[in-house]
2 protein chains.
Amino acid sequence: MSQKLTSPNEDYAKWYNEIVYRADLAAQSPVRGCIIIKPYGYEIWEGIKASLDRRFKETGHQNAYFPLFIPQSYLKREAEHVEGFSPELAVVTVAGGKELEEPLVVRPTSETVIGEAFSQWIQSWRDLPLLLNQWANVVRWELRTRPFLRTTEFLWQEGHTAHATHDEAEEETLRMLDVYAAMAIEDAAIPVIRGLKSNVERFAGALRTYSIEAMMGDGKALQSGTSHNLGQNFAKAFDIKYLNKANELEYCWTTSWGLSTRMVGAVIMAHGDEVGLRLPPKLAPYQVVLVPVYKTEEERSRVLEVLHRLAAQLKAAGVRLHLDDREETPGFKFNDWEMRGVPVRLELGPKDLEKNSVVLARRDILGKEGKRFVPQDGVVQAIHDLLAEVQANLLAQATQFRDSRIHDVNSYDQLKQAIEASGWARGYWAGSDDDERRIKEETGATLRNFPLEGQPEDGVCFYTGKRGGGRVALFAKAY
Amino acid sequence: MSQKLTSPNEDYAKWYNEIVYRADLAAQSPVRGCIIIKPYGYEIWEGIKASLDRRFKETGHQNAYFPLFIPQSYLKREAEHVEGFSPELAVVTVAGGKELEEPLVVRPTSETVIGEAFSQWIQSWRDLPLLLNQWANVVRWELRTRPFLRTTEFLWQEGHTAHATHDEAEEETLRMLDVYAAMAIEDAAIPVIRGLKSNVERFAGALRTYSIEAMMGDGKALQSGTSHNLGQNFAKAFDIKYLNKANELEYCWTTSWGLSTRMVGAVIMAHGDEVGLRLPPKLAPYQVVLVPVYKTEEERSRVLEVLHRLAAQLKAAGVRLHLDDREETPGFKFNDWEMRGVPVRLELGPKDLEKNSVVLARRDILGKEGKRFVPQDGVVQAIHDLLAEVQANLLAQATQFRDSRIHDVNSYDQLKQAIEASGWARGYWAGSDDDERRIKEETGATLRNFPLEGQPEDGVCFYTGKRGGGRVALFAKAY
């Protein structure tokens, strides 16, 4: 039997790493800062992908694929962009046995190479909007890495669109932010907060950056997806122009938006507990695990026969499941699947056979309270209902936790208290960029975003005391 | 109106390139040898992916993701492997602003990094078989590149498995070859020939390589997927061992198998004609295009109203379609969608409105012969049937073409004639590796494979005159 999991209250970082490896989500790789995403972790990502891809297509986007390599000169064309990404680049200098004349950068993001393509593909207003997305790997040479949260190479999608006007680009930027929020809330059961990033925190080269921010189990924030209105910055750097209806040449307005395998880390930290992972049913590789309970070989074969029948029924109803027929004790299996966060466990033993029933145990409510006995002929409906309950309860728990940790602040002292209490501070902010940086230095908290919802007409800045000219902001320590 | 497409009989290579760009499958990129896969081309790949992914999962495989970068030293551990791939490597030497101590190779394939992982994950016979697949990009620095067929970076899947015995590995190798063949035949409508590669042509580091070979419209062969029994070569190089049931340590037997975006090129060249692309319905981004025919605005609105209704019905029935309401002539649109290979065109004009019918025109049979009038209330069923007919007919046409171009040969002269006639030569082969190389030098033809089917008990080598000790082989010029 393996050792007990480190408690998240004791050492959250250690708890996180233990879950990643012990729940078999990922493995270490021989390349600095890169992980191997194992099947159980990759399937969570496949769930996120499928949900987003469907939503992208519903909002009129098409997938395409652009090269991994970007000529070094391209990155230099947008001044802020190159400054933002230069320190993190991996560069191919030798290929086919020869030194390259122009080194190739492994894409850290693709605004530049896609901007160049857009400039060739877009001629007139008829070509707009151009709405593309790409599923890809990107590389950023990070100094400190953590599985899923920050890795040198990571998987993501990056949307890139071009529009005729500022307002259309802004609408698109917010539409895709909403798509991210919908996936996070409906599928990952994470109650993210949509909002505008501050100037200090916005994307290198963007006019405005919006984010969804999620609260993790230790009260820190995790930026889980970003959507950028790039204004005409990249259009000017890459000469993306179109003929408007009056036959005049104008620069386009572009957007980009990305969400990555970091989201798998968000799922772990938003829902995990002392016992291990807790996966929302909509993203769980296995929604149900079937565990046979028996003492004799004769019992074993009777129990397994029924379990195979129930598994077939559930599979036919679209339930993702696993029948665990390993030669281990039920207790070992219970622990194992609780660690791996399977939403519902179905147990069946000789006594249940007699009663034509099964035991359903939900992962979100451990112990007796989370168990129910249901007749075998009603299992499909019962599981269907229970999965919906677990999905809703995980969201409710995470929402309650988040709300209990967000503190309204009217002074810098109150902000400090909120942060020290491992919470988020919410308050009216009219400070300068330098003020914002000072808070980060002094407290470790950053301005996560200006939430889109709940903005008052007016207010008094908790830091500068200024009235008006500001917005309600969220401050928190962040990953 | 754009210029007429170059005839494939006149200049096949030019015809191919024109289709790629004019049907909007891909665009040139600023990076040498890399293309941009545009939405219309990417959707074909998505269709191939979905088909394979389903088949991989049905045969018990799980997806995972391994790092893009491979430490240079890893590639050197398997002697043949490093020799095979060294000339084609792209190497990252600088990252995060510093020279790397050990350069990182951008993966040309992942046997090495996955072999290292397997050596850590596999302990006992209980861990076998280990059946993984990864969807990824890979880079091979090719000197001569062509869109889809051979690009510096390409997308593919690579399966990697480990087994307890040679026979299980061989079974897996052939099972996945069959999966490739099933996808090619059933979905891409390409009658590929499964067979064993010669020693000269096998994968660097493999015991045995199998391939599916497709005949293109110019009579050349395209290797469209390969499956390798790696024997214990990589197991020994990476120390992949397991404890057998007798508690003895043994090396595993591993396999790998890959299919890439090259398959999109196969679809183009197996089915394309004078007019453009012809897409098999199962892989076509749009299976049906709806084209309104009208003269007046009043007609336009009446026609479009019905088309929108029919489009909704077809969509609900799962048909992928596009309603082309551009302000262009029907003739322009007919040409455009014929070029882009949409399997079925649905036309509707004022006369059809009167008769409550529509015109269905199939892409695989142009002109009057391929047209039929069907009542509007039977459109869903008619389209469903017609798509199945087109799918079957494309496979039948390609099979007939292939068979008409395969010539049985009993002498080297006959081989030369077959190759000169832009065909394949099939004959009993017992020559040496050097003989095989000589034929390549003298005729340009390579030994494509030894087909799995139709092998005789015995024979006389058409080249050496030797009796027995050989097998029937296919020779052809190849991409």
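Each reported figure results from applying straightforward, stated rules to the coordinates on display, with no laboratory input. If you're wondering where the values come from, they're calculated on a predicted model, not measured in any experiment. In this analysis, Cβ positions are derived from the backbone assuming ideal geometry, glycine residues included, and neighbour counts consider all displayed protein chains.
Just a few scattered comments:
- Taking all Cα pairs closer than 8 Å and separated by 6 or more residues, the relative contact order of chain A comes to 14 percent.
- Subtracting the Cα-Cα distance of A:E299 and A:E171 from their residue separation scaled by 0.36 nm leaves 39.9 nm.
- Shape category assigned to segment B:288-387 from the gyration tensor of Cα positions, a/c cut at 1.5: rounded
- Per-residue shielding of A:23-32, expressed as the average number of other chain Cβ atoms within 10 Å of the residue Cβ, stands at 5.
- Residue exposure sequence - B:K197, A:K49, A:K368 - by fewest surrounding Cβ within 10 Å: A:K368, A:K49, B:K197
- Cα gyration tensor shape for segment A:196-296, rounded if a/c is under 1.5, else prolate or oblate: prolate
- For segment B:288-387, DSSP calls about 55 percent of its internal beta bridges antiparallel.
- Among beta bridges from DSSP that stay inside the protein assembly as shown, the antiparallel ones total about 85%.
- The Cβ shell under 10 Å around B:I365 holds other residues with a net charge of +1, Lys and Arg each +1, Asp and Glu each -1.
- Counts of other chain beta carbons within 10 angstrom of each beta carbon in peptide B:133-143 average 3.
- Net charge, A:T443 excluded, C-beta distance under 14 Å - Lys, Arg +1, Asp, Glu -1: +1
- Dipole size of chain B about its Cα centre, with +1 on Lys/Arg Cβ and -1 on Asp/Glu Cβ: approximately 580 debye, rounded to the nearest 20.
- For a modelled paramagnetic label at A:K371, 7 Å from Cα along Cα-to-Cβ, the residues of segment A:302-330 in reach, with backbone nitrogen under 14 Å, are A:330.
- Value of [θ]222 nm, deg cm²/dmol, for chain B, DSSP H segments ≥ 4, -39500 (n - 2.57) each, nearest 500: -11000 deg cm²/dmol
- Set of segment B:116-154 residues, backbone N closer than 15 Å to the point 7 Å along the Cα-Cβ line of B:D239: B:116-123
- Rounded tilt (10° steps) of B:111-121 against the dominant C-alpha axis of chain B: 70
- Helix A:166-182 vs. chain A, principal-axis angle (Cα, 0 to 90°, nearest 10): 10
- Sum of side-chain charges, B:N229 neighbourhood, beta-carbon under 12 Å (Lys, Arg +1; Asp, Glu -1): -1
- In terms of its C-alpha gyration tensor, segment A:93-189 comes out oblate, because a/c is 1.5 or above while a/b does not outweigh b/c.
- Between helix B:330-339 and chain B there is an angle of about 10 degrees, using the helix long axis and the longest principal axis of the Cα atoms.
- For the protein assembly as shown, the spread of Cα coordinates along the three principal axes comes to 93, 82, 64 Å, biggest extent given first.
- Cβ neighbours within 10 Å from other chains - mean over B:85-92: 5
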